[in-house]
Amino acid sequence: MANRFVSTFILLPLSKLYGLGVGLRNLLFRVGILHQREFDVPVVVIGNIAAGGTGKTPHTEYIIQALRSRYRIGVISRGYKRKTKGFVLASQRSTPMDIGDEPYQMYHKFGNSIRLAVCEDRCAGIDELLKIDPQINLIVLDDAFQHRYVKPSVAIVLTEFNRPFYMDELLPLGRLREPKSAVGRADMIVVTKCPDKIRPIEYSLCRKELNLKPWQSLYFSRFNYGQLVPLYPDQAEIVPQLSMLSGRDAILAISGIANPKPLMAYLKSHKAPVKLVVYPDHHNFSRRDIDQIARRFDALDGERKIILTTEKDAVRLASNPYFPHRLKPFIFYLPISVEMDPNTSTEFTNDLVKLIREGQTIGGPSLKGT
């Protein structure tokens, strides 16, 4: 009852006020008081309208992997929680503190096959990146659907299967950063983190609730989890397989991501019992945090004990000066990749390339929502 009172009488008015502010901003773009810039190279924008947790970075990596043989790709991210300001080009000397954990992860996955930079001002970032590498013929903007000063050639919006935007509310009552109508600006909508098996009625209900515009296309994707990777390869003597761990073993799972539920569901599908320690998204682990992790690991009861973390958290833990040497042989991370649902999404890459080549959205930009 108390929670309902807070939602109704406090959060709901704040949510309405927030919606008015976002609506005014979108109106200013629509009437041309705030201006969007077009660029000589196509720009693909990947984002969402909810706050965190839809899988933007894995999907950005999926798109890079699918397109890097066809294009010289430049990637720009904000670099959330980095300690630097302005434009920073990723290099071998970059650290997660320089460019942020997710850009650092992408750079070390793709190396010099792409150009990657971070910049709060995406327009300035594109200008600078094109000066550095004039061969770039495709720009990918990670988490930039709300950064409307760049006019995208293709806009891709992600939404979670278990919490789609049409079942959510504006901040602070819900997680939405924009009204649901903002999805009308998207060309492609991807429903992410889908289960392995989706019933036909679930596809139909989702399509009905989304109420797509004529130029919009819908896709479904899921995460694939890879084999465990040692965080400190020189220290790991044995790399276990999750499927080989038994009920007599134990896993301490460390999560500093927005939504650890899919990870936990995957781990609990195996036999080894799991203890989860949750930290905020993009968390920088302090000495106290590392001490807590060590104590919880020591307290586990199991014949074989391991610490398991996410690919994103691994970036910050690997460079953490407080992580004890004695635990380095026992910590691993679980890489993830994106798979498009073959029942509905086999044409995702071809459709994306077609939109890029057309240089405008299906139906024309004048038909897109605001």
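Does residue 45 qualify as being assigned to a loop (DSSP other than H, G, I, E, B), open to solvent by less than 60 Å² (accessible area, probe 1.4 Å) and β-branched (Val, Ile, Thr)?
On the way: assigned to a loop (DSSP other than H, G, I, E, B): no; open to solvent by less than 60 Å² (accessible area, probe 1.4 Å): yes; β-branched (Val, Ile, Thr): yes.
No, not satisfied.
Kindly check whether there is at least one residue in the range 124-131 that is touching a Gly at 6+ places or on another chain (Cβ under 8 Å), more than 22 Å from residue 340 (Cβ to Cβ), open to solvent by less than 60 Å² (accessible area, probe 1.4 Å) and not aliphatic (A, V, I, L, M).
Scanning the range 124-131, I find no residue that is touching a Gly at 6+ places or on another chain (Cβ under 8 Å), more than 22 Å from residue 340 (Cβ to Cβ), open to solvent by less than 60 Å² (accessible area, probe 1.4 Å) and not aliphatic (A, V, I, L, M), so the answer is no.
Just to be sure, is residue 166 in contact with a Lys or Arg (Cβ under 9 Å, 6 or more places away or on another chain) and surrounded by fewer than 18 Cβ atoms within 10 Å (Cβ to Cβ)?
On the way: in contact with a Lys or Arg (Cβ under 9 Å, 6 or more places away or on another chain): yes; surrounded by fewer than 18 Cβ atoms within 10 Å (Cβ to Cβ): yes.
When the stated conditions are applied, residue 166 passes them.
I need the strands (runs of 3 or more DSSP E) fully contained in the range 220-310, keeping only those with at least 3 residues that are more than 17 Å from residue 328 (Cβ to Cβ).
Details: elements: 250-255, 274-278, 305-310.
It comes to 250-255, 274-278.
Would you check which residues across the range 57-85 are in contact with a strand residue (DSSP E or B) (Cβ under 6 Å, 6 or more places away or on another chain), open to solvent by 10 Å² or more (accessible area, probe 1.4 Å) and assigned to a helix (DSSP H, G or I) and list them?
Residues satisfying the conditions are 58, 62.
Which count do you get for residues in the range 183-204 that are basic (Lys, Arg) and farther than 30 Å from residue 26 by Cα? Break it down into steps so the answer makes sense when it comes.
Residues of the range 183-204 that are basic (Lys, Arg), as a first pass: 185, 193, 197, 199.
Now narrow it down to the ones that are farther than 30 Å from residue 26 by Cα: 197, 199.
Residues flagged as basic (Lys, Arg) and farther than 30 Å from residue 26 by Cα within the range 183-204 amount to 2.
What's the number of the condition residue 150 fails, among (1) surrounded by fewer than 23 Cβ atoms within 10 Å (Cβ to Cβ); (2) closer than 16 Å to residue 49 by Cβ; (3) out of contact with any Ser or Thr (no Cβ under 8 Å at 6 or more places or on another chain)?
Result: residue 150 fails condition (2) only.
Just the residues that are in contact with a strand residue (DSSP E or B) (Cβ under 8 Å, 6 or more places away or on another chain), in a loop (DSSP other than H, G, I, E, B) and open to solvent by 30 Å² or more (accessible area, probe 1.4 Å), please, taken from the range 86-120.
Scanning the range 86-120 gives a single hit, 87.
For the range 155-180, give me the residue count where each residue is within 26 Å of residue 354 (Cβ to Cβ) and part of a helix (DSSP H, G or I). Talk me through it step by step, then tell me what you get.
Of the range 155-180, the ones within 26 Å of residue 354 (Cβ to Cβ) are 155-159, 161, 164-165.
So of that shortlist, the ones also part of a helix (DSSP H, G or I) come out as 165.
The number of residues fulfilling the criteria is 1.
Can you pull out every residue in the range 192-215 that is touching a helix residue (DSSP H, G or I) at 6+ places or on another chain (Cβ under 8 Å) and either open to solvent by 50 Å² or more (accessible area, probe 1.4 Å) or of a type outside the set (Val, Ile, Thr) (or both)?
Here is the first cut: in the range 192-215, the ones touching a helix residue (DSSP H, G or I) at 6+ places or on another chain (Cβ under 8 Å) are 192-193, 209-210, 213-215.
Selection gives 193, 209, 210, 213, 214, 215.
Here are 157, 183, 118: which of them is touching a residue at least 24 places away in the same chain (Cβ under 8 Å) and within 21 Å of residue 337 (Cβ to Cβ)?
Values: 183 fails: within 21 Å of residue 337 (Cβ to Cβ); 118 fails: within 21 Å of residue 337 (Cβ to Cβ).
Among 157, 183, 118, only 157 is touching a residue at least 24 places away in the same chain (Cβ under 8 Å) and within 21 Å of residue 337 (Cβ to Cβ).
Can you tell me which residues in the range 181-197 are within 23 Å of residue 63 (Cα to Cα) and outside any helix (DSSP H, G or I)? Walk me through it before giving the result.
Here is the first cut: in the range 181-197, the ones within 23 Å of residue 63 (Cα to Cα) are 182-196.
Within the range 181-197, 186, 187, 188, 189, 190, 191, 192, 193, 194, 195, 196 qualify.
Please work out which residue is nearest to residue 60 (Cα to Cα), limiting yourself to the range 121-152 and to residues that are in a loop (DSSP other than H, G, I, E, B) and touching a Phe, Trp or Tyr at 6+ places or on another chain (Cβ under 9 Å). Before the answer, list the steps.
First, the residues of the range 121-152 that are in a loop (DSSP other than H, G, I, E, B): 121, 133-137, 143-149, 151-152.
Within this subset, residues satisfying the condition of being touching a Phe, Trp or Tyr at 6+ places or on another chain (Cβ under 9 Å) are 121, 136-137, 143, 148-149, 151-152.
Numbers: 121: 19, 136: 17, 137: 17, 143: 9, 148: 18, 149: 20, 151: 18, 152: 15 Å.
Out of the qualifying residues, it is 143.
Determine, yes or no, whether residue 319 is touching a helix residue (DSSP H, G or I) at 6+ places or on another chain (Cβ under 8 Å), of a type in the set (Ser, Thr, Tyr), surrounded by fewer than 17 Cβ atoms within 10 Å (Cβ to Cβ) and over 30 Å from residue 207 (Cβ atoms). So that I can check it myself, show each step before the final result.
Working: touching a helix residue (DSSP H, G or I) at 6+ places or on another chain (Cβ under 8 Å): yes; of a type in the set (Ser, Thr, Tyr): yes; surrounded by fewer than 17 Cβ atoms within 10 Å (Cβ to Cβ): yes; over 30 Å from residue 207 (Cβ atoms): yes.
It is true that residue 319 is touching a helix residue (DSSP H, G or I) at 6+ places or on another chain (Cβ under 8 Å), of a type in the set (Ser, Thr, Tyr), surrounded by fewer than 17 Cβ atoms within 10 Å (Cβ to Cβ) and over 30 Å from residue 207 (Cβ atoms).
From the list 55, 79, 86, pick out the single residue that is at positive phi and touching a Ser or Thr at 6+ places or on another chain (Cβ under 7 Å).
Working: 79 fails: touching a Ser or Thr at 6+ places or on another chain (Cβ under 7 Å); 86 fails: touching a Ser or Thr at 6+ places or on another chain (Cβ under 7 Å).
Testing whether each residue is at positive phi and touching a Ser or Thr at 6+ places or on another chain (Cβ under 7 Å) leaves just 55.
Looking at the range 33-43, is at least one residue among the aromatic types (Phe, Trp, Tyr) and farther than 24 Å from residue 315 by Cα? Show your work before the answer.
Our first condition is that a residue be among the aromatic types (Phe, Trp, Tyr); within the range 33-43, this holds for 39.
Then keep just the ones that are farther than 24 Å from residue 315 by Cα; that gives 39.
The answer is yes, given that some residue of the range 33-43 is among the aromatic types (Phe, Trp, Tyr) and farther than 24 Å from residue 315 by Cα.
Taking only pairs six or more apart or across chains, which ones have beta-carbon atoms under 6 Å, a first residue in the range 61-80 that is closer than 21 Å to residue 335 by Cα, and a second residue that is of a type outside the set (Lys, Arg) and exposed (fewer than 15 other Cβ atoms within 10 Å of the Cβ)?
68/113
This table checks each residue for (1) aliphatic (A, V, I, L, M); (2) in contact with a strand residue (DSSP E or B) (Cβ under 9 Å, 6 or more places away or on another chain); (3) touching a residue at least 12 places away in the same chain (Cβ under 8 Å).
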position: 270; (1), (2), (3): no, yes, yes
position: 288; (1), (2), (3): no, no, no
position: 292; (1), (2), (3): no, yes, yes
position: 297; (1), (2), (3): no, yes, yes
position: 300; (1), (2), (3): yes, yes, yes
position: 304; (1), (2), (3): no, yes, yes
position: 318; (1), (2), (3): yes, yes, yes
position: 324; (1), (2), (3): no, no, yes
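Go through 251, 257, 293, 307 for me and flag whichever is at pLDDT below 95, β-branched (Val, Ile, Thr) and surrounded by 14 or more Cβ atoms within 10 Å (Cβ to Cβ). Please lay out each step first, then the result.
Working: 251 fails: at pLDDT below 95; 293 fails: at pLDDT below 95; 307 fails: at pLDDT below 95.
Residue meeting the stated conditions: 257.
The values are calculated or read from the model by the stated rules, or taken from the named source; none is laboratory data. What you see is a predicted model, and the numbers here were worked out from it, not measured in a lab. Every residue, glycine among them, receives a Cβ derived from its backbone with ideal geometry; neighbour counts consider all protein chains shown. Accessible surface is based on the protein model in full, side chains and every heavy atom, while ligands, DNA and RNA are left aside. Shrake-Rupley method; radii C 1.70, N 1.55, O 1.52, S 1.80 Å.
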